[in-house]
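Report on one structure; see the data block that follows.
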Amino acid sequence: MKILALARRFPPDVADGRSLAFARLVERLAERHQVSLVAGYRGDRPKLPDGALGVSLARRGPGWTYHALWRAARASAMKGSPDLVLAASVDVPFLGMPTVAMVRDLVGDGWRAPTTRDRFYRWRAAQFGTVVVPSASTREALSEAGVVGWRVSVVPEHVDAVKRKPLPKGGVLRLLHVGRLHPGKGQHLSIDAVSRLTPKEKSRVHLSVVGAVADRVYADQLRIAAGGQPISFQTDVRELGSHIAAAHLVLYPTSLAEGFADTALLAMSHGRPVVWADHPGVRSTTGGVGVPIPTDDVGALRAAIRRHIDDRSGLEAMGRASWRHAEDFAWERIRPKWDSVFETAIR
C-alpha cells in the first residue's frame, strides 16, 4: 500500500507527545508499506527520514504556511499516487483523496472554544473519511465537540516490546518523573510530594526528574523548589530506557486530560509500576494497573511514595502486572487495527 504521511511539524523540529507518536507510527508502517512523508518545520531543517519532503514554515503567516504545505503535499501525491493520506492532525490540507486523520486528545487544540478555529476543526474532521483516536475518552470528547461518532475509530498507540527488567537493588527507593518540563506534566507535584516527606523518609528516597525543557521559567522554578531535597535533574535526554530501568517507581501526576499516556505505558513495558493521575485517557492506557491518585493531589502522591519505601515485594508484583498489561499494546497487536482502518478508508 502507498501511504502519504502528512504533518505540520515532525520530530525533532517538535517534540510533543502527539508528534512523537506520529513519528513512531510512520516508522512502523514503513516496514510493510511504501510511505512518503511531507512535513513542515519552523526551525533549521530537521533530519527527516530519507526521502521525506520538508517544507519551511518559518516566519510565515497561517495562510501562507497552509498553502505551502498543501502545495508540497499535492506535488508529492501527484508524483507518488498514494492509496491514502495519513494526517498527523485535522489542521493539515485536505487533498481530496482517502484520508485518515489522527487526533490524540483535545488538549491545547482549541476544540472546545467557540472560535473560528474550533469551527474549522469540526468542518475539517467532517471532510476526512476517518478520524483515529487512541482512547474511548478522546472519542467521547470529539463527539461532544460535534464530530459525528461513526467517523471516529479507536486505535491505541503502540509500544515497542521490551524484556522486563528486575527492580534495582539497594535500600534507596528510586523515583522517576519523566516528561517535558511543562506545568501540565506535574513535575512540581512530584517535587512537592518528596519535599513533604519526613527527614528519615527523605534519606531513603531519591527523585530523578528527566525531560527536555519546554518552559524555561517553570524549569527554573522547579530547580529552586528542589533545593536541598533528594532530587536531581536530567534535561539532555537522548533515550528513556536507561532512566526507567534505574527506577523502582514512576510518577505520572499529569494535570492534563491526555488522550493517551505514552510515557506511563513505556514505563509499564519495562516492568515498572506507575503512580498516575486518574484521568479517563490515562486510566484507559494503564488499564487501572498501578496506583491511581486524584488529579493535583500532592497528599495522595506523597502517601503513595511513603507506602512503597519499604514495600518492595508490592512494587515487584505491580511491575509484573504492568509488563503484562503493556503486552496488549505491542505493535504486532496494534498493526491489524491500522490495517483495518486503512482498508475501510480506501473502500
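If only residues of the range 299-315 that are of a type in the set (A, V, I, L, M), in contact (Cβ under 8 Å) with a residue 24 or more places away in the chain and over 19 Å from residue 257 (Cβ atoms) are counted, the one that is surrounded by the most Cβ atoms within 10 Å (Cβ to Cβ) is 305. For the range 127-143, a residue qualifies if it is exposed (fewer than 14 other Cβ atoms within 10 Å of the Cβ) and within 24 Å of residue 262 (Cα to Cα), and exactly one does: 143.
Residue 318 meets each of the listed conditions (1) surrounded by 19 or more Cβ atoms within 10 Å (Cβ to Cβ); (2) in contact with a helix residue (DSSP H, G or I) (Cβ under 6 Å, 6 or more places away or on another chain); (3) not aromatic (Phe, Trp, Tyr) apart from (2). Within the range 88-109, residues that are over 17 Å from residue 36 (Cβ atoms) and buried (at least 21 other Cβ atoms within 10 Å of the Cβ) reach partners that are at pLDDT below 85 and basic (Lys, Arg) with beta carbons closer than 6 Å, at six or more positions or on different chains, in the pairs 90/124. Remark: residue 248 matches the filter, which requires a residue to be in the same structural domain as residue 186 (by TED's automatic domain parsing), in contact (Cβ under 8 Å) with a residue 24 or more places away in the chain and in contact with a Leu (Cβ under 6 Å, 6 or more places away or on another chain). Criterion applied to 184, 179 was being in contact (Cβ under 8 Å) with a residue 60 or more places away in the chain, out of contact with any His (no Cβ under 8 Å at 6 or more places or on another chain), under 24 Å from residue 322 (Cβ atoms) and crowded, with 22+ Cβ neighbours inside 10 Å, and the one residue passing it is 179.
Residue 10 - would you say it is in contact (Cβ under 8 Å) with a residue 40 or more places away in the chain, closer than 29 Å to residue 263 by Cα, in a loop (DSSP other than H, G, I, E, B) and not aliphatic (A, V, I, L, M)? Lay out the reasoning, then the answer.
Working: in contact (Cβ under 8 Å) with a residue 40 or more places away in the chain: yes; closer than 29 Å to residue 263 by Cα: yes; in a loop (DSSP other than H, G, I, E, B): yes; not aliphatic (A, V, I, L, M): yes.
So residue 10 passes the test.
Can you tell me how many residues in the range 207-218 are assigned to a helix (DSSP H, G or I) and closer than 16 Å to residue 254 by Cα?
Restricting attention to the range 207-218, the residues satisfying the condition of being assigned to a helix (DSSP H, G or I) are 216-218.
From the residues that got through so far, the ones that are closer than 16 Å to residue 254 by Cα too are 218.
Selection size over the range 207-218: 1.
Condition (residue is small (Gly, Ala, Ser), under 20 Å from residue 309 (Cβ atoms), in a strand (DSSP E or B) and over 22 Å from the mean Cα position of the chain (by Cα)) applied to the range 226-235: is it met by at least one residue?
Filtering the range 226-235 for residues small (Gly, Ala, Ser) gives 226-228, 232.
From what's left, under 20 Å from residue 309 (Cβ atoms): 226, 228, 232.
Filter once more, keeping what is in a strand (DSSP E or B): 232.
Remaining after also requiring over 22 Å from the mean Cα position of the chain (by Cα): 232.
Yes; the residues of the range 226-235 include at least one that is small (Gly, Ala, Ser), under 20 Å from residue 309 (Cβ atoms), in a strand (DSSP E or B) and over 22 Å from the mean Cα position of the chain (by Cα).
Residue 152 fulfils the conditions (1) in contact with a Lys or Arg (Cβ under 7 Å, 6 or more places away or on another chain); (2) under 25 Å from residue 301 (Cβ atoms) except for a single criterion, (2). Filter the range 197-233 down to the residues that are under 22 Å from residue 272 (Cβ atoms) and modelled with pLDDT under 95 and list them by number. Matches in the range 197-233: 211, 212. Scanning the range 152-206 for residues that are outside any loop (DSSP other than H, G, I, E, B) and hydroxyl-bearing (Ser, Thr, Tyr), we see that the one that is nearest to residue 234 (Cα to Cα) is 190.
Considering only helices (runs of 4 or more DSSP H) fully contained in the range 247-347, which possess at least 3 residues that are under 20 Å from residue 209 (Cβ atoms), in contact with a Cys (Cβ under 8 Å, 6 or more places away or on another chain) and among the polar types (S, T, N, Q)?
Numbers: elements: 262-269, 280-286, 298-307, 312-326, 331-346.
Qualifying helices (runs of 4 or more DSSP H): none found.
The set of residues from the range 34-51 being surrounded by fewer than 18 Cβ atoms within 10 Å (Cβ to Cβ) and at negative phi comprises 34, 42, 43, 44, 45, 46, 47, 49, 50. Scanning the range 72-98 for residues that are touching a Leu at 6+ places or on another chain (Cβ under 8 Å), small (Gly, Ala, Ser) and in a loop (DSSP other than H, G, I, E, B) turns up just one, 88.
Taking the stated definitions as given, is residue 179 on the phi > 0 side of the Ramachandran plot and assigned by TED's automatic domain parsing to the domain that holds residue 277? Yes; evaluated as a whole, the condition is true for this residue.
Scanning the range 77-96 for residues that are more than 28 Å from the chain's Cα centre (by Cα) and either modelled with pLDDT of 90 or more or not assigned by TED's automatic domain parsing to the domain that holds residue 338 (or both) gives 77, 78, 79, 80, 81. Would it be correct to say that residue 259 is more than 29 Å from residue 166 (Cα to Cα), surrounded by fewer than 20 Cβ atoms within 10 Å (Cβ to Cβ) and in contact with a Ser or Thr (Cβ under 9 Å, 6 or more places away or on another chain)? Spelling it out, it is not the case that residue 259 is more than 29 Å from residue 166 (Cα to Cα), surrounded by fewer than 20 Cβ atoms within 10 Å (Cβ to Cβ) and in contact with a Ser or Thr (Cβ under 9 Å, 6 or more places away or on another chain).
The values are calculated or read from the model by the stated rules, or taken from the named source; none is laboratory data. Being a predicted model, the structure only gives us computed values, none of them experimental. Backbone-built Cβ (ideal geometry, glycine too); neighbour counts: all protein chains shown.
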